[in-house]
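Undergrad: To start, I am sharing the structure in question, which I have written as structure tokens.
Laboratory data are not the source of any read-out in this text; all were calculated from the coordinates shown. None of these values were measured; they are calculated from a predicted model. FYI the Cβ positions are ideal-geometry reconstructions off the backbone, even for glycines, and counts take in every protein chain you see.
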Amino acid sequence: MLGLLVFLFLVLALVGYLISLYNGLVRVRAAVKLAWSDIDVLLVQRHDELPKLVEVCKQYMQYESGTLERVMRARAGVDAARTSGSMSSLGAAERELRSGLGGLYAVAENYPQLKASEPFRHLQERISGLETAIADRREVYNEAVNTNNVRIDAFPDMLVARLGDFPPAQLLHFQSEQKSDVDLKTAFSG
């Protein structure tokens, strides 16, 4: 009788431990999703601000339609990559967007009235703030992904992860030039 009670206690303890492991894996997976959601919100906000920047620039830059179109194409590429959830596609799309914005900022140097306009300065500050927030959230996301991936690769969590279908999450990598904030003040200072 005592042996049966000890056996039942051990079985219950093991089941409790496995449930605890499973719930821990669910929490780290949810943390990855939450961190991605935070980035996604900022990407959408930036996505919404870029057409405003382009419109303000159009008022001053009559002969630069190619530059403005490049920014809008890159914006669409980031949105498509964001929607697909592919971190590698998002990295490439972000590289294109930064390149397009860099071209826009370089061309804008030739338009002092544009740099002095209130709507432009407001958008400059807004987009710069969003870029900083995206960089901060990217760091939090990668920390959550790392925690998730370590948990699903570590014993004994890996046994539960494989049975419970917990795939590894993909880190969000950007090229070195994409890791720093776009410095709009420097780009537009004259």
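Undergrad: When the expected Rg is taken as 2.2 N^0.38 Å, what fraction or multiple of it is the alpha-carbon Rg of the chain?
TA: This ratio for the chain stands at 1.47.
Undergrad: Now for a different question. For the chain, modelled as a Gaussian network with Cα springs under 10 Å, which listed residue fluctuates most, 104, 12, 42?
TA: Comparing 104, 12, 42 in the GNM, the peak value goes to 12.
Undergrad: Name all residues of the range 19-35 having a backbone nitrogen under 18 Å from the label point set 7 Å from the Cα of residue 150 along its Cα→Cβ direction, giving them as ranges.
TA: 21-22, 24-33, 35
Undergrad: In a GNM of the chain with a 10 Å cut-off on Cα contacts, which of 155, 166, 120 has the highest mean-square fluctuation?
TA: Result: 155 has the largest fluctuation of those listed.
Undergrad: Turning to a different aspect of this structure: So how far, in whole Å, is the C-alpha centre of the range 112-157 from the one of the range 16-39?
TA: Comparing the Cα centres of the range 112-157 and the range 16-39, I get a distance of 21 Å.
Undergrad: While we're on this one: Modelled label-to-label distance, residue 84 and residue 116, 7 Å Cα→beta-carbon offset: nm?
TA: The answer from the label model is 4.5 nm.
Undergrad: Which of the aspartates and glutamates could a cross-linker bridge to residue 115, judged by Cα under 15 Å and excluding same-chain residues fewer than eight apart?
TA: 55, 125, 183
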